[in-house]
1. Looking at VAL225, VAL199, VAL183, can you tell me which residue is under 16 Å from GLY36 (Cβ atoms), within 13 Å of the chain's Cα centre (by Cα) and at pLDDT 95 or above?
2. Evaluate the following for ARG70: is it touching a strand residue (DSSP E or B) at 6+ places or on another chain (Cβ under 9 Å), over 20 Å from THR31 (Cα atoms) and assigned to a loop (DSSP other than H, G, I, E, B)?
3. Residues of region 241-258 being of a type in the set (A, V, I, L, M), surrounded by fewer than 22 Cβ atoms within 10 Å (Cβ to Cβ) and either farther than 10 Å from ASN205 by Cβ or over 21 Å from the mean Cα position of the chain (by Cα) (or both), which ones?
4. LEU198 versus (1) surrounded by fewer than 21 Cβ atoms within 10 Å (Cβ to Cβ); (2) hydrophobic (A, V, I, L, M, F, W, C); (3) not in a strand (DSSP E or B): which is the lone unmet condition?
5. With the requirement that a residue be under 20 Å from HIS157 (Cβ atoms) and buried (at least 24 other Cβ atoms within 10 Å of the Cβ), what does region 210-238 give you?
6. Please go through (1) more than 30 Å from ILE23 (Cα to Cα); (2) in contact with an Asp or Glu (Cβ under 9 Å, 6 or more places away or on another chain); (3) surrounded by fewer than 18 Cβ atoms within 10 Å (Cβ to Cβ); (4) of a type in the set (Ser, Thr, Tyr) for THR97 and return the number of the only condition it doesn't satisfy.
7. Being outside any strand (DSSP E or B) and more than 28 Å from PHE271 (Cα to Cα) is the filter here, so list the residues in region 73-103 that pass it.
8. Which is farther than 17 Å from GLY46 by Cβ and either at pLDDT below 95 or not small (Gly, Ala, Ser) (or both), of ARG265, ARG275?
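The values are calculated or read from the model by the stated rules, or taken from the named source; none is laboratory data. This is a predicted model, so every value here is computed, not measured. Note: ideal-geometry Cβ built from the backbone for every residue, glycine included; neighbour counts use all protein chains shown.
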Amino acid sequence: MGDTEDVEAVEGAEDVEGFYERIDAGRFRATAYTRGPWDPGAQHAGPPAALLGRAIEERPGAREDMRIARITYEILRPVPLGPLELTTSVLRAGRGTEVVEAALAPAGAAPVMLARALRIRMAPDSVPAVVAGPELPPPGEVGVTPFFPVPWETGYHSAMETRFTEGAFVELGPGTCWMRMRVPLVAGEEPRPLDRVLVAADSGNGISSVMDFGRYVFVNGDLTVHLHRHPVGEWVCVEARTSVDAAGIGLADARLHDEKGPIGRSAQSLFVAPRAVEGR
């Protein structure tokens, strides 16, 4: 899809209150709320990650006694704004576990993002729970923290509420940030707990940036999320740390929390390089 078509598709959905507008069972139209901070024609990876996770959970025939314990994304190329198609397939089906793959592609084009999830069978109250309680100040005790300046008014930055308990988007170093969706993942549809986690988890490298945004790029080509407990509530906290090797490879590692305590972890492999300077 060309840039003009992308802009027209987004402008046609500018009044939609959601990251996506459902076209039919397997097709969605990205709204301006999905737009990332670097390219007006590309999405932040959080919303498509959540859309792929939802596709895996709600696919026809999905077992209700299983839930996602681990999901890994391969970001093959920037995800454009506009119409997108979702497909799913079961790679392995077992009594206690299954592996499901989902692909996201612009209409009639090759996939731009893949997800592969391990789902594990649930047996409520079959074993003792061994989990930690709350470890961070709750979001109600900290103030709203703005995003760094973004050249457009509407995007992921305006669709998410952020509250840092440590660091900030404009500070270098580790960061801990509570995040809440201001709009649903799909317009007119109630957000699921998994939506809230996956739409936030891809922000770890931005929350814990250790290099100046203006001088370096540190983009992730993947994202893996592990969840030992099903999330509850509207808020998700990303407690992130970034490490970078001088060869230009980095890792953003994060603990994930809801208001009841830790729920899992996320990790992003980073490509790190000096940012191209105009005129050079």
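1. VAL199
2. Answer is no for this residue.
3. VAL244, ALA246, ALA247, ILE249
4. Every listed condition holds for LEU198 apart from (1).
5. Once the filter is applied, which keeps residues that are under 20 Å from HIS157 (Cβ atoms) and buried (at least 24 other Cβ atoms within 10 Å of the Cβ), region 210-238 yields LEU223, VAL236, CYS237, VAL238.
6. Looking at each condition in turn, THR97 falls short on (2).
7. Initial filter on region 73-103 (outside any strand (DSSP E or B)): 76-79, 81-82, 94-96.
Scanning region 73-103 gives GLY94, ARG95, GLY96.
8. Of the residues listed, the single one that is farther than 17 Å from GLY46 by Cβ and either at pLDDT below 95 or not small (Gly, Ala, Ser) (or both) is ARG275.
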